[in-house]
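S.K.: Next up is a structure, given as structure tokens.
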Amino acid sequence: MRCVLALFLPVCAGLGQQPTDFSGTWQVQESHSDSPTASRQSSQQHRGFTIRIRQTAAEVSLALPRLPVIIFKLDGSEYSYVHDNGASWTRFITTAKWNGSHLTLHSTTLNGWWKDSDPARITSQATQLEDTRTLDLEANGASLRIETLSRDEKPFAVHSVELLAKQL
């Protein structure tokens, strides 16, 4: 009986922990990719970029350069919404999953023209983009590591790692 209780104590102790809070304004310090061309471009283009993360008990949102805000529900449920770009639309289908203190965010991005299609009816398309980002705080919350795997329809995949410093 003692062995069984000892096995369950670490699990029970972790239940009361608050999830990691990634909120803040973060500036890219370094960016690396496993693709040599993408790595050079990524490092030059992303250095100095600012990413804003807002997190509540229910959701987390990412404001990335040149993109609409991407929203994820923290309860693990799928969330879908449409961003109006004027003549075109962008639909995001997102999920979030906790793995200890790490947060994995998955998004599927679909695009179309309002005149050609209703985004509510489009759940996948040949040209969709799939992104999986894993967020991890380092250095007592002063830096953020984001590992990203992006795939498109070709299938072309880019794996990158960005190190960001928290702006005060």
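S.K.: Being acidic (Asp, Glu) and more than 16 Å from PHE92 (Cα to Cα) is the filter here; which residues of the range 120-152 pass it?
M.R.: ASP136, GLU138, GLU147
S.K.: When you go through (1) in contact with a Leu (Cβ under 8 Å, 6 or more places away or on another chain); (2) of a type outside the set (A, V, I, L, M, F, W, C); (3) more than 16 Å from GLU30 (Cα to Cα) one by one for SER117, which number turns out not to apply?
M.R.: Going through the list (1) in contact with a Leu (Cβ under 8 Å, 6 or more places away or on another chain); (2) of a type outside the set (A, V, I, L, M, F, W, C); (3) more than 16 Å from GLU30 (Cα to Cα), SER117 breaks only (1).
S.K.: Evaluate the following for LYS97: is it closer than 20 Å to GLU147 by Cβ and basic (Lys, Arg)?
M.R.: Considered against the rule, which asks whether it is closer than 20 Å to GLU147 by Cβ and basic (Lys, Arg), LYS97 comes out as yes.
S.K.: If you check SER42 against the conditions, is it under 19 Å from SER107 (Cβ atoms), at pLDDT 50 or above and surrounded by 15 or more Cβ atoms within 10 Å (Cβ to Cβ)?
M.R.: Here the answer is no, as SER42 does not meet what is asked.
S.K.: So how many residues does the range 80-103 have that are surrounded by fewer than 16 Cβ atoms within 10 Å (Cβ to Cβ) and within 17 Å of GLN55 (Cβ to Cβ)?
M.R.: Total meeting the criteria: 6.
S.K.: Given the residues SER35, SER61, which is the only one that is modelled with pLDDT under 95, surrounded by 13 or more Cβ atoms within 10 Å (Cβ to Cβ), out of contact with any helix residue (DSSP H, G or I) (no Cβ under 7 Å at 6 or more places or on another chain) and not basic (Lys, Arg)?
M.R.: On inspection, the qualifying residue turns out to be SER35.
S.K.: Only one residue in PHE72, PHE156 is among the aromatic types (Phe, Trp, Tyr), surrounded by 15 or more Cβ atoms within 10 Å (Cβ to Cβ) and over 22 Å from GLY48 (Cα atoms). Which one?
M.R.: PHE72
S.K.: Out of everything in the range 94-113 that is in contact with a strand residue (DSSP E or B) (Cβ under 6 Å, 6 or more places away or on another chain) and hydrophobic (A, V, I, L, M, F, W, C), what residue ends up being nearest to GLY76 (Cα to Cα)?
M.R.: Within the range 94-113, the match that is nearest to GLY76 (Cα to Cα) is ALA96.
S.K.: Now a separate question. Give all pairs with beta carbons closer than 7 Å in which a residue from the range 50-65 that is aromatic (Phe, Trp, Tyr) meets a residue that is assigned to a strand (DSSP E or B) and surrounded by 14 or more Cβ atoms within 10 Å (Cβ to Cβ); count only pairs at least 6 apart in sequence or on separate chains.
M.R.: none
S.K.: Check whether at least one residue in the range 138-147 is of a type in the set (Gly, Ala, Ser), farther than 24 Å from VAL28 by Cβ and at pLDDT 90 or above, and report yes or no.
M.R.: no
The values are calculated or read from the model by the stated rules, or taken from the named source; none is laboratory data. None of the values given here were measured: they were computed from a predicted structure. Virtual Cβ from ideal backbone geometry, glycine too; neighbours counted across all protein chains shown.
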